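A.B. asks: First the structure, which I've put down as structure tokens, then a few questions once you've had a look.
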């Protein structure tokens, strides 16, 4: 039971990491920058318009936050994580 809790915590947080990687890749290859101020400036001057890619990038960032901070629907690892060993508990407190 303890091992299952640790594995579940690891998998759920790795899902958040996966969405973070997708977000980083998409934002860089679509806008060629990681700087939010540059992206905001591009929106103001009209270089960036609404596209489905923009929705996808936003959803990846949202799912990353959901997975890493145990929000619904990826919150199922949080109650069981306290049963797990100390590294799992440390993962909760670090988030």
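Laboratory data are not the source of any read-out in this text; all were calculated from the coordinates shown. The structure displayed is predicted, hence computed values, not measured ones. Reconstructed Cβ throughout: ideal geometry from the backbone, glycine too, with neighbour counts over all protein chains shown.
A.B. asks: Work out, step by step, the length gained on full extension between residue 17 and residue 33: first 0.36 nm times the residue separation, then minus their alpha carbon distance; give nm to one decimal. Working shown, then result.
C.D. replies: On the way: separation 16, 0.36 × 16 = 5.76 nm, distance 1.98 nm.
Value of the extension gain: 3.8 nm.
A.B. asks: Report the calculated FRET efficiency for residue 69 and residue 45 (r = Cβ-Cβ distance, R0 = 25 Å), to the nearest 0.05.
C.D. replies: Values: r = 34 Å, r/R0 = 1.35.
That pair, residue 69 with residue 45, gives E of 0.15.
A.B. asks: I would also like to ask the following. Among 12-18, 44-50, how do they line up by average Cβ neighbours within 10 Å per residue, starting with the highest?
C.D. replies: Highest to lowest by the protection proxy: 12-18, 44-50.
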